[in-house]
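Each remark here refers to the structure printed beneath this line.
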Amino acid sequence: MKHIGTIIDNALKEFRVASDSEMTRIWDLWDDAVGDTIAQNAKPGAFKKDVLLVHVSNSTWMHHLRFLKQQMMDDINRALGQNLVKEIKFKIASLHS
């Protein structure tokens, strides 16, 4: 049996460019990169090329995070070890699966 993460990684490598595969690491490093308070109110939702869509718990947090957007990009890119996120867009959405 193979771990589902291995299967997904292999599929992504086959169908996505290398930078997209690297972007999937955001889900693993999110909490450490943005801190506990933000992580409780915002989660990575999706990405397309160099744009990260972040799901936010409510409009107050969306407004707050707009002021922190550049710092969040810097922190995420630092955690990724490369400058992959060039833009963040926020969307109010459920944070629970």
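The values are calculated or read from the model by the stated rules, or taken from the named source; none is laboratory data. Keep in mind it's a predicted model, so treat the numbers as computed, not measured. Don't worry about glycine lacking a Cβ; one is built from the backbone with ideal geometry, like all the others, and counts go over all protein chains shown.
Here are the numbers for the structure shown:
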{"quantity": "Residue count, region 77-97 (criterion: within 17 Å of D32 (Cα to Cα), outside any loop (DSSP other than H, G, I, E, B) and not hydrophobic (A, V, I, L, M, F, W, C))", "calculated": "2"}
{"quantity": "Sole exception among (1) at pLDDT 90 or above; (2) under 12 Å from the mean Cα position of the chain (by Cα) for Q70, by number", "calculated": "(2)"}
{"quantity": "Residues (farther than 14 Å from W27 by Cα and touching a helix residue (DSSP H, G or I) at 6+ places or on another chain (Cβ under 7 Å)) located in region 39-64", "calculated": "N41, V56, S57, W61"}
